[in-house]
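A.B. asks: Take this structure, written in structure tokens, and hold onto it; I'll ask about it next.
No lab work stands behind these numbers, since they all come straight from the coordinates. Because the structure is predicted, anything quoted here is derived from the model rather than measured. Neighbour counts are summed over all protein chains in view; Cβ atoms, including those assigned to glycine, are modelled from backbone coordinates with ideal geometry.
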Amino acid sequence: MSGRTHTDARPEYGPERTCVGCRERAAKNELLRIVAVEGECVPDHRGTLPGRGAYLHPAVVCLDQAVRRRAFPRAFRVQGAFDTAALRRQVERMTAADSAAT
Ligand SMILES: [Zn+2]
């Protein structure tokens, strides 16, 4: 009631999401938002695509774990297999660009 008890509000951090691959929490802007478009996992770089999103580290290991534990159908609430080939290529390109920059 004093208005000063909001110690759990952390305005210095953005919203957190859980990676569907390694299940670790990370800042939303560190994760790649994935949406399902016609049975395919599509990275939503601008965060503008409609529908349920899954959050994933832009890392092949996390993508592999997500595929292995069928995290995408669960996240999208849609049964079936999702094509991750194009997504994998993009993640590989992102991680390659990352290591080239360092
Ligand atoms: Zn991860």
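A.B. asks: Scanning for something away from the ligand (no atom under 14 Å from the Cβ), of a type in the set (Val, Ile, Thr) and not in a helix (DSSP H, G or I), does segment 16-30 turn up at least one residue?
C.D. replies: No.
A.B. asks: Would you please list the contacts, defined by Cβ atoms under 9 Å and residues six or more apart or on different chains, that run from a residue in segment 59-75 that is within 14 Å of Leu32 (Cα to Cα) and in contact (Cβ under 8 Å) with a residue 24 or more places away in the chain to a residue that is within 9 Å of the ligand (Cβ to nearest atom) and in a helix (DSSP H, G or I)?
C.D. replies: Phe72/Ala66; Ala75/Ala66
A.B. asks: Then there's this: Which of the residues belonging to segment 39-63 are more than 11 Å from the chain's Cα centre (by Cα) and small (Gly, Ala, Ser)?
C.D. replies: Selection gives Gly39, Gly51.
A.B. asks: Are any residues in segment 31-82 in a loop (DSSP other than H, G, I, E, B), away from the ligand (no atom under 14 Å from the Cβ) and among the small types (Gly, Ala, Ser), and if so, which ones?
C.D. replies: Hits for segment 31-82 are Gly39, Gly47, Gly51, Gly80, Ala81.
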